[in-house]
Amino acid sequence: MARPPQQRSAAQRGATRQAHSAKQKPAWRAQGFDFKLYLRQHQAFLIESLTRLLGHPLASAMTIMVIAISLSLPGGLFVLLKNVQSVTDRWEQQSVISLYLFSQLEDTEALSLSHQLSSRADVLSVEYISKEEGLRYFEQSSGYEQIMSTLPENPLPIVLKVIPKAIVDLNTLPDLQALRDHLQSLPQVEYAQLDAEWLQRLATMISFGERFVYAISALLVIAVLLIVGNTIRMAVESRRDEVLVMKLVGATNSYIRRPFLYMGFWFGVLGGLFASICILMLSWWVSSPAEQLIELYHAGFELQSFNAVEIIMCLTISAVIGVFGSWVAVSRHIRDIELQ
Amino acid sequence: MEIEFQRVGKKYESGHDALSQVSFHLRQGEMAFLTGHSGAGKSTLMKLIMMIERQTTGTILVDGVDLRTLGKHAIPYHRRRVGVVFQNHQLLFDRSVFHNVALPLQVSGADDGQTGKRVRAALDKVGLLGKEKLNPMALSGGEQQRIGIARAVVNKPQLLLADEPTGNLDPRLSAEIMNLFQEFNRVGVTVMVASHDLALVARMRHRVLTLNQGRMVNDGGFA
Ligand SMILES: Nc1ncnc2c1ncn2[C@@H]1O[C@H](COP(=O)(O)OP(=O)(O)OP(=O)(O)O)[C@@H](O)[C@H]1O
Ligand SMILES: [Mg+2]
């Protein structure tokens with residue numbers, strides 16, 4: 001990409017001439033955008049703003065801790081939700097759809113329905129429970145022998161226990177519910193029951209929990225925006241003289257703004273970092289009682305904490321919040337500081 | 001740089017006419033003093049050139065460009081071509097002399113090597129080369145004033161504006177500083193200095209613009 005030296009200097013001369021002859025073109029337009037310079041300035045600002053932050057360790061630490069606490073609450077709830085979901089995901093259970101057939105149905109009709117259903121692709125097997133078997137089972141389990149024996153006729157219907165292929169969990173629940181609805185619509189079936197009510201309830205609770213976490217997160221993100229905004233506004237105010245002098249010697253507003261945006265960036269990143277540490281410590285603290293509790297129900301479960309990807313996500317989100325919060329606070333403020 | 005005022009007026013929001021019907025033409029490479037009683041409008045005139053205030057009537061041409069045609073985004077680039085010494089925008093005491101003088105260069109994105117060279121050259125011109133590492137607080141009033149001048153010239157501006165640069169200095173120092181401006185003028189910089197010190201102005205033998213109640217009452221030389 002090397003250009004002959006004469007050509008280059010000619011181009012430079014052209015640029016300078018253009019910059020000076022304001023009649024044709026205002027000087028500010030003649031300045032090209034220098035990406036390397038831009039990067040170098042940013043790097044300098046990054047370091048400078050961190051130094052400034054550390055220059056007021058107590059005030060900075062307070063702001064950072066407030067941000068960290070505000071972020072660790074939604075973060076902690078997120079981890080909790082993740083664990084609940086993973087428990088239910090591992091809770092592999094065969095579900096059963098019990099079909100109570102109309103009592104006037106003949107045994108042969110019931111049997112043929114049973115065969116028909118067991119040949120379906122989404123059905124693993126069908127267990128046929130005749131009226132007599134049902135009665136025996138009922139007598140054994142309920143202790144109502146006397147009452148049952150006084151009845152003139154067996155009141156129990158034929159029951160088909162349909163075992164679907166799919167294992168029941170939160171993902172397959174909608175499919176199973178659809179299957180149940182389909183079976184319910186069969187003319188022979190009086191009532192179809194999916195024995196996963198606990199799962200349905202859990203699903204409702206989890207979706208409620210998700211919304212709760214979103215709402216809390218939104219509120220706390222706004223709180224962090226306000227905290228960062230306020231801290232940065234105060235930083236600008238304390239450097240008013242500097243802003244004025246910079247304007248006097250020709251600094252653009254975006255140049256003046258940049259160190260403050262970086263300050264917001266640092267507040268966000270450090271706040272996110274401490275929030276991550278809080279969450280890791282908290283999940284470590286609750287891990288052993290939680291694992292004991294869960295082992296009562298299900299072996300081989302390991303409590304999940306923040307993983308590396310989630311930590312990086314947390315840092316990214318908090319950095320964005322920090323930059324955005326300071327941008328909102330600073331843009332107007334710097335424009336409003338006018339030379340007099 | 002060339003400055004032309006065509007019947008310029010400035011009315012502040014308070015309703016006060018700080019300048020009215022001011023016309024003059026300062027040519028490229030010229031040096032002029034601006035005098036007048038307190039409140040005559042000297043600072044206002046310089047603020048108009050810097051686009052710190054905008055005129056309410058008339059036209060200001062800088063190198064033939066009407067300042068009214070420059071938008072907000074052009075103002076910083078316009079200011080980079082002008083060096084200023086204003087009383088109330090003095091030094092920043094949270095950084096060294098070097099970094100005070102370097103500020104205009106940083107703002108316009110000069111690289112570090114060039115910045116060091118230019119800052120030392122500017123400090124050398126005002127005779128403070130040995131003090132670059134000090135905090136300006138540690139310097140005398142006269143020295144601080146000279147740092148302000150170094151900062152104004154470090155960017156090699158085409159126009160130098162100084163508002164009462166010798167405000168609270170003794171006569172010998174004042175004369176020294178005026179000589180500094182004269183030197184910059186000799187290398188082609190257009191210079192305008194507002195001053196109360198009529199005796200000093202008279203000795204310098206340059207063009208003198210006199211304001212009275214916001215009107216230009218005298219435009220002539222002492223030569
Ligand atoms: N921001 C402002 N708002 C309202 N009036 C102002 C403002 N700035 C200056 N003035 C008025 O405009 C007039 C001119 O002020 P200016 O500062 O230009 O005078 P000056 O010649 O520089 O005076 P001095 O020698 O005292 O510095 C004064 O009457 C002053 O009160
Ligand atoms: Mg004044």
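The values are calculated or read from the model by the stated rules, or taken from the named source; none is laboratory data. This structure is a prediction, so every number in the text was calculated from the model and none was measured. Cβ: placed from backbone, ideal geometry, glycine included. Neighbour counts: every protein chain shown. The accessibility values were calculated without ligands, DNA or RNA, using every heavy atom of the protein model including side chains. Shrake-Rupley method; radii C 1.70, N 1.55, O 1.52, S 1.80 Å.
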- Candidates B:Val22, B:Val65, B:Val208; GNM for chain B (alpha-carbon contacts under 10 Å) flags as most fluctuating B:Val65
- Query: Loop-only check: which trypsin sites (Lys or Arg not before Pro) in segment B:39-79 are DSSP coil with at most 14 other Cβ within 10 angstrom?
  - Reply: B:Arg54
- Roughly how many whole Å is it from the C-alpha centroid of segment A:168-182 to that of segment A:227-275? 54
- Message: Taking the Cα centre as origin and putting +1 on Lys and Arg beta-carbons and -1 on Asp and Glu beta-carbons, what dipole magnitude results for segment B:89-156, to the nearest 20 debye?
- Response: 160
- Note on the structure: Buried accessible area between B and A, both sides, 1.4 Å probe, in Å² rounded to 100, is 2500
- Message: Using only the Cα atoms of segment A:96-195, what semi-axes does the equivalent ellipsoid have when each is the square root of 5 times a gyration tensor eigenvalue? Give whole Å, largest first.
- Response: 27, 16, 11
- Message: Can you say what percent of the DSSP beta bridges in the protein assembly as shown, counting only those with both residues inside, are antiparallel? Round to 5.
- Response: 65
- Provide, in order from the shortest bin, the percent of all Cα-Cα pairs of segment A:145-278 in each 5 Å bin, continuing until the bin that contains the maximum pair distance. 2, 7, 10, 10, 8, 7, 7, 7, 6, 5, 5, 5, 5, 5, 4, 3, 2, 2, 1, 1, 0, 0
- Query: In degrees from 0 to 90, rounded to the nearest 10, what is the angle of the helix B:171-186 Cα long axis to the longest principal axis of chain B?
  - Reply: 80
- Task: Distance check, please: which entries in B:Lys42/B:Lys133; A:Lys36/B:Lys131; A:Lys247/B:Lys11; B:Lys42/B:Lys117; A:Lys36/A:Lys247; B:Lys11/B:Lys72 exceed 27 angstrom between their Cα atoms?
- Result: B:Lys42/B:Lys133; A:Lys36/B:Lys131; B:Lys42/B:Lys117
- Query: Pick from B:Gly188, B:Gly15, B:Gly130: which residue has the top mean-square fluctuation in a GNM of chain B where Cα pairs under 10 Å get a spring?
  - Reply: B:Gly15
- Message: Which GluC sites (Glu not before Pro) in segment B:1-76 sit in a loop by DSSP (not H, G, I, E or B) and have at most 12 other Cβ atoms within 10 Å of their own Cβ?
- Response: B:Glu13
- Quick one: Debye curve from the alpha-carbon atoms of chain B only, equal weights, vacuum; give me log10 I(q)/I(0) at q = 0.08, 0.15 Å⁻¹ to two decimals. -0.28, -1.00
- Structure-based [θ]222 nm, the protein assembly as shown - -39500 (n - 2.57) summed over DSSP H runs of at least 4, per residue, nearest 500: -18500 deg cm²/dmol
- All-pairs alpha carbon distance profile, the protein assembly as shown, 10 Å steps from 0, percent: 3, 13, 17, 15, 11, 9, 7, 7, 6, 5, 4, 2, 1, 0
- Message: How compact is segment B:67-110 by the rule of thumb for globular proteins, expressed as Cα Rg over 2.2 N^0.38 Å?
- Response: 1.37
- Message: Quick check: convex hull of the Cα atoms in segment B:89-156, volume per residue, rounded to a whole Å³?
- Response: 78
- Looking only at lysines whose Cα falls under 20 Å of A:Lys161's and that sit 8 or more positions away or on another chain, we get A:Lys131
- Quarter of Cα convex hull surface for segment A:189-340, i.e. mean projection, nm²: 14.5
- Note on the structure: proj_area_mean for segment A:58-134 (convex hull on C-alpha atoms), units nm², value 9.1
- Rounded to the nearest Å, what's the spacing between the alpha carbon centres of segment B:1-74 and segment B:179-222? Just the number, please. 16
- Query: With the dipole of segment A:96-195 worked out from charges on the C-beta (+1 for Lys and Arg, -1 for Asp and Glu) around the Cα centre, which of A:Pro187, A:Leu176, A:Ile129 lies farthest toward the positive end?
  - Reply: A:Leu176
